Structure formats: structure tokens, C-alpha cells
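Below: the structure, in C-alpha cells.
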Amino acid sequence: MEHKLMSLEEIAEVSVRAIEMEEAGQVEEGNALYRTIPLAPHLAMFVKKYLGAEKLIQMDWNLAEAEAEFGAGWLNR
């Protein structure tokens with residue numbers, strides 16, 4: 001899935017849909033949708049530092065904000 005930056009409105013809309021999915025019993029699908037919301041750069045860096053870049057990639061979070069802040073290729077540095 002393409003990672004992209006989102007407005008606060010988009011984040012709110014995705015969050016509401018993810019919660020609705022979870023409440024409907026679609027927990028995995030809701031969690032997957034929630035991970036499309038950009039992870040805050042400081043959290044992405046924390047996970048990279050303590051769990052490693054490969055684990056962060058496996059978690060499949062949207063890393064668009066981290067890339068915008070730290071630059072392209074930041075996971076490999």
C-alpha cells in the first residue's frame with residue numbers, strides 16, 4: 001500500500017471507520033486500516049531504534065511523516 005501524508009480530517013475519517021470495523025467484529029481489518037494513518041516520526045524512530053528497521057517495516061505502518069521529517073532512506077541509516 002502506498003504511504004501518504006494525511007490531513008487531520010482524513011485521519012479522523014479513517015479512525016472512525018477503523019473503530020466501526022472493530023466494533024463490527026472486523027478487528028484485524030480495523031487494525032490494518034488504522035495502520036494506514038501516518039505514524040508520528042518520533043514513534044517511528046523509537047521503534048526503529050529499539051526493535052529495528054525490519055520490524056518497523058513488518059508492522060506495516062504508514063511511514064510518510066517519518067520520511068518527510070527524516071528524509072528518503074532514513075530506515076537504512
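Take E54 and tell me if it is surrounded by 12 or more Cβ atoms within 10 Å (Cβ to Cβ) and at pLDDT 95 or above. It is false that E54 is surrounded by 12 or more Cβ atoms within 10 Å (Cβ to Cβ) and at pLDDT 95 or above. The number of residues in the stretch 6-49 that are exposed (fewer than 12 other Cβ atoms within 10 Å of the Cβ) and under 22 Å from A68 (Cβ atoms) comes to 5.
The values are calculated or read from the model by the stated rules, or taken from the named source; none is laboratory data. All values reported here derive from a predicted model rather than from experimental measurement. Glycine also receives a Cβ, built like all others from the backbone with ideal geometry; neighbour counts cover every protein chain displayed.
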